[in-house]
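Visitor: Below you'll find the structure I mean.
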Amino acid sequence: MTRQTVGIAHYLFHRTIWMKDACYLQDLFVNEAARGHGVARALIERVAQSARGAERPQREYCVERTPLPV
C-alpha cells in the first residue's frame, strides 16, 4: 500500500482583541484528484478537534471558493 499526502490544513492558535483564544485555519488544500471524497471535511474536523482539545472554543475560517491557479 502506498501512502500519499492528499491534503493539508495549516492552522494556529492566537489571541485577538475581540476573542480571548481562537483557532485560525489559515490554509486548506486538497489535491484535485482527491476532492469530493471527504478529505477537506476530515481535515477541518481534525482542526476543530484540536481546538476543542486545546480549549479554544472559537474557530475562525476564511474560505476562498475558487481554487487559486498553481
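Laboratory data are not the source of any read-out in this text; all were calculated from the coordinates shown. Remember, it's a predicted structure, so these values are computed and weren't measured experimentally. Because the Cβ atoms are built from the backbone with ideal geometry, glycine has one as well, and the counts that use them run over all protein chains shown.
Visitor: Suppose the chain between F13 and R41 were pulled fully straight at 0.36 nm per residue; how much longer would it get relative to their current alpha carbon spacing?
Guide: Between F13 and R41, full extension yields an extra 8.1 nm.
Visitor: Where Rh is the Kirkwood radius over the Cα pairs of region 1-53, the temperature 20 °C and the viscosity 1.002 mPa s, what D in µm²/s does Stokes-Einstein return?
Guide: 173
Visitor: For region 1-60, what relative contact order do you get, as a whole percent, if you take Cα pairs closer than 8 Å and at least 6 residues apart?
Guide: Result for region 1-60 is 37 percent.
Visitor: Among 9-17, 39-47, how do they line up by average Cβ neighbours within 10 Å per residue, starting with the highest?
Guide: Put in order of decreasing packing, that is 39-47, 9-17.
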